[in-house]
Amino acid sequence: MLLKIFLSPDNLLEYEFLHQSNSKVDNRLFTDQIIINYSKEIFDSTAKMTFQKIENDVSGIYIQEKEISLFSAKYSKSRIYYTIWEEAIYVSYDLRLLLPYSNRKLTSKAAFSIIKFGELPESVNLIHDIYSVPSSSYVTLDNDNFYQILANKVIESSYYSIYNFIEYNYSGGDINKTKQALGDSLKYFINCNPNFFVSGGIDSTLLIQLYYELTGNEIKMAILLILKKHPMNIVM
């Protein structure tokens, strides 16, 4: 899906699909997995629950009569990408579809990050002028902010909102309740005689200790040793 967003001669927000043949329908929700049609009344009531569920895993575009919202997933790596080119914003789930509307300049920091770590930080763009909506965030485009976004050549962080923001009270949490919840989860696996992968960090170490407290069973250990001089040799 490739969407072009622009202002009409009457300064009204318009859109056009360039890579997907769909009739123009207001109040339509497009994601990288599904397409749902909602009237505004339905979306404002029963559909909100569905919307909150799917936004956990997918990115998408919600088109209404006078505004267009772009959102990225909360938990998965699904992102909405965009670039600004010749007085229009081009939007897609697939970064490759935006290349014709880009200067195609690779960001060296991003390339180095992928080569060394296999990952790309949220704040770094692979292509210099192709951006993504951050995880767990959405932005709403309308007639009022569109000109300023075009002038900035990027959607500034102040335009984004975080949905379902969790307020943390910094009380330290309930240790006993947390331990009970972890114990209940472990009890499910006890009869399966599970194996544990231990990184040496605090999380996996505490998990092993809790398992021992629940069962009293000693845990057999296998150590993988990767030799520095011969990185392909693994001793077990």
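Values computed for the structure shown
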quantity	calculated
Ile127 long-range amide H proximity, modeled H, under 5 Å	Thr107
Residues whose placed amide H lies under 5 Å from that of Leu2, excluding near-sequence neighbours	Leu18, His19, Gln20
Local electrostatic count, Lys179, Cβ distance below 14 Å [Lys/Arg +1, Asp/Glu -1]	-2
For Ser59, distant residues with modelled amide H under 5 Å away	Asp32, Ala73
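Laboratory data are not the source of any read-out in this text; all were calculated from the coordinates shown. What you see is a predicted model; the values in this text were computed from it and never measured. When we count neighbours, we look across all protein chains shown, and the Cβ atoms used for this are built from the backbone with ideal geometry, even at glycine.
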